[in-house]
1. Of a type outside the set (Phe, Trp, Tyr) and either over 26 Å from Met283 (Cβ atoms) or in a strand (DSSP E or B) (or both): is that true of Cys406 in this structure?
2. What's the number of the condition Val310 fails, among (1) assigned to a loop (DSSP other than H, G, I, E, B); (2) more than 21 Å from the chain's Cα centre (by Cα); (3) closer than 21 Å to Glu399 by Cβ?
3. Pull up the range 71-89, narrow it to residues that are open to solvent by less than 50 Å² (accessible area, probe 1.4 Å) and not in a helix (DSSP H, G or I), then point me to the one that is farthest from Leu137 (Cα to Cα).
4. Would you check which residues across the range 262-292 are of a type outside the set (S, T, N, Q), surrounded by fewer than 18 Cβ atoms within 10 Å (Cβ to Cβ) and on the phi < 0 side of the Ramachandran plot and list them?
5. What's the total number of residues in the range 185-223 that are of a type in the set (Asp, Glu), more than 25 Å from Leu173 (Cα to Cα) and not in a helix (DSSP H, G or I)?
6. So Leu368 clears everything in (1) within 30 Å of Lys417 (Cα to Cα); (2) open to solvent by 50 Å² or more (accessible area, probe 1.4 Å); (3) assigned to a helix (DSSP H, G or I) except one condition, right? Which one?
7. Would you point out which residue out of Ala212, Ala258, Ala205, Ala194 is within 29 Å of Arg167 (Cα to Cα) and of a type in the set (A, V, I, L, M)?
8. Looking at Arg222, Arg189, which is the one that is farther than 28 Å from Val282 by Cα, open to solvent by 10 Å² or more (accessible area, probe 1.4 Å) and either at pLDDT below 95 or of a type in the set (Lys, Arg) (or both)?
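The values are calculated or read from the model by the stated rules, or taken from the named source; none is laboratory data. These figures come from a predicted structure and were not determined experimentally. Positions of Cβ are backbone-derived with ideal geometry, glycine not excepted, and every protein chain shown enters the neighbour counts. Remember, those area values only see protein heavy atoms, side chains included, never the ligands or the DNA or RNA. Shrake-Rupley method; radii C 1.70, N 1.55, O 1.52, S 1.80 Å.
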Amino acid sequence: MGACGSCSGGGCGSGGTPIQIGKPQESSAGRVIWSGTGEPGAGADQIIGVGLGERLEQSVPNAGIRVESPEAKEALRRLFMKVEEKKIPLWTHIDLTYKCNTDCIHCYCQHLDSSFGGAYDKKDLTTQEVIHLLDQLADAGALNLTLSGGELFVRKDFFEIAFYASREKHFALTLYSNGTLINERMADRLAELAPVAIEISLLGATAEVHDAIVQRPGSFDRVVRAVGLLRSRGISVVLKTSIMQPNFHQADEMARLAQTLGSRTYRSTIEITPRNDGNTGVMQYQLTDAQMLDYLARDFPSPWPYTEPVPLEEARQKTTCGTGTVACYISPYGDVYPCIQLLISMGNIRDRAFKEIWEAPSDLRRKLEQIQSYGDLPDCKTCEYVQLCNRCHGLAYLETGDLTACYKLALRMAKAKTQVNAAVGTQQG
């Protein structure tokens with residue numbers, strides 16, 4: 001997943017904006033531990049890669065918003081059907097830079113920046129280029145905007161960009177950060193900005209573990225302080241964790257700490273993905289099959305929500321995600337992608353207007369439009385684990401070079417989920 005604040009439950013095309021009347025970008029392996037009311041157990045397993053109606057059912061409660069009226073639900077359903085029909089990029093994610101003040105061992109993107117020895121010598125979009133892009137996104141109908149990095153606060157023009165997005169263009173704004181640069185003065189300005197939420201990575205329950213992962217001593221203490229500064233100013237904070245080998249032993253403690261710190265929602269993912277350049281070295285931190293099973297089977301902080309098995313014919317009708325249709329990702333260099341994971345460029349805003357890029361017919365768009373359900377995917381349509389599988393087009397492409405192929409890590413997780421689900425069903429039966 002993404003760097004810093006975007007690494008856990010942060011992507012997958014929805015932009016991660018908690019106001020979403022429609023992914024969390026949570027990760028395809030993400031698990032919401034509690035949400036909405038802040039009560040442990042109020043959440044459920046996050047299934048990403050679902051239709052607009054299903055996205056609505058999941059993300060509205062996760063934003064702490066209850067839609068109980070059938071009429072309201074129907075109105076929102078019609079709205080999202082129109083969004084899908086007109087291909088409005090309702091959820092948009094912009095990485096303002098790949099530069100970062102930490103060096104997370106599992107980061108997917110910061111190594112691309114030349115400051116980390118990366119091959120990219122491109123220049124980040126200038127302030128005026130970002131402002132112009134925001135104008136174009138607003139005209140295209142974007143509503144939920146996530147700003148991230150790298151570490152977005154290393155940009156000296158961050159507040160100029162953010163206030164323009166919020167005050168002038170009225171985006172529902174979510175920020176992803178590692179939290180280490182937030183001091184009292186910055187917290188005051190963020191309170192003035194009033195984003196929907198600020199999402200911050202919590203990668204350990206102790207300084208020893210967290211700091212070893214981000215490779216910057218003192219980071220854990222700065223994160224804890226940042227959360228306190230933000231919460232004391234009434235800013236909604238979402239803490240997120242990538243569960244991996246170095247912090248697996250603290251999984252329960254991190255969930256408890258997030259609750260203690262006042263995180264509105266705590267999200268965790270057991271999915272560690274290859275870097276954007278295809279480097280799979282970070283996969284050494286991925287949990288083993290036994291650890292996945294252990295984590296998913298735990299009753300704390302919430303028990304596994306049992307899913308009644310259905311026939312394969314029905315299971316494979318599950319819809320895929322809205323990447324390239326209702327969501328998009330834009331890199332620090334202006335490249336437009338269907339989502340933060342599917343890195344097949346549709347064009348660059350330095351060469352063409354966003355609207356022209358977004359609406360242009362292409363082989364990629366045609367292929368995405370042809371994949372409406374798991375039954376449209378050659379490996380998935382006959383797979384016995386499809387019901388609980390949450391594959392990602394982009395990660396399948398990164399892993400195999402074919403966006404329609406089986407995503408092996410998703411299959412591993414689906415097998416573990418199926419085993420846990422069967423055990424829970426037996427206990428309840």
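1. Working: of a type outside the set (Phe, Trp, Tyr): yes; either over 26 Å from Met283 (Cβ atoms) or in a strand (DSSP E or B) (or both): no.
No; evaluated as a whole, the condition is false for this residue.
2. Val310 satisfies all of (1) assigned to a loop (DSSP other than H, G, I, E, B); (2) more than 21 Å from the chain's Cα centre (by Cα); (3) closer than 21 Å to Glu399 by Cβ except (3).
3. Step one: filter the range 71-89 for residues open to solvent by less than 50 Å² (accessible area, probe 1.4 Å), giving 72, 75-76, 80, 83, 88-89.
Subset that is not in a helix (DSSP H, G or I): 88-89.
Values: Ile88: 10, Pro89: 8 Å.
The selected residue is Ile88.
4. Our first condition is that a residue be of a type outside the set (S, T, N, Q); within the range 262-292, this holds for 262, 264, 266-267, 270-272, 274-275, 277-278, 281-283, 285, 287, 289-290, 292.
Adding the requirement that they be surrounded by fewer than 18 Cβ atoms within 10 Å (Cβ to Cβ) leaves 262, 274, 277-278, 281, 283, 285, 289-290.
Once the filter is applied, which keeps residues that are of a type outside the set (S, T, N, Q), surrounded by fewer than 18 Cβ atoms within 10 Å (Cβ to Cβ) and on the phi < 0 side of the Ramachandran plot, the range 262-292 yields Pro274, Asp277, Gly281, Met283, Tyr285, Asp289, Ala290.
5. Filtering the range 185-223 for residues of a type in the set (Asp, Glu) gives 188, 192, 199, 208, 211, 221.
Add one more test, that the residue is more than 25 Å from Leu173 (Cα to Cα), and what stays is 208, 211, 221.
Now narrow it down to the ones that are not in a helix (DSSP H, G or I): none.
Here the count works out to 0.
6. Every condition holds for Leu368 apart from (2).
7. Working: Ala212 fails: within 29 Å of Arg167 (Cα to Cα); Ala258 fails: within 29 Å of Arg167 (Cα to Cα); Ala205 fails: within 29 Å of Arg167 (Cα to Cα).
Just a single option satisfies the conditions, and that option is Ala194.
8. Details: Arg222 fails: farther than 28 Å from Val282 by Cα.
Selected residue: Arg189, the only one of Arg222, Arg189 that is farther than 28 Å from Val282 by Cα, open to solvent by 10 Å² or more (accessible area, probe 1.4 Å) and either at pLDDT below 95 or of a type in the set (Lys, Arg) (or both).
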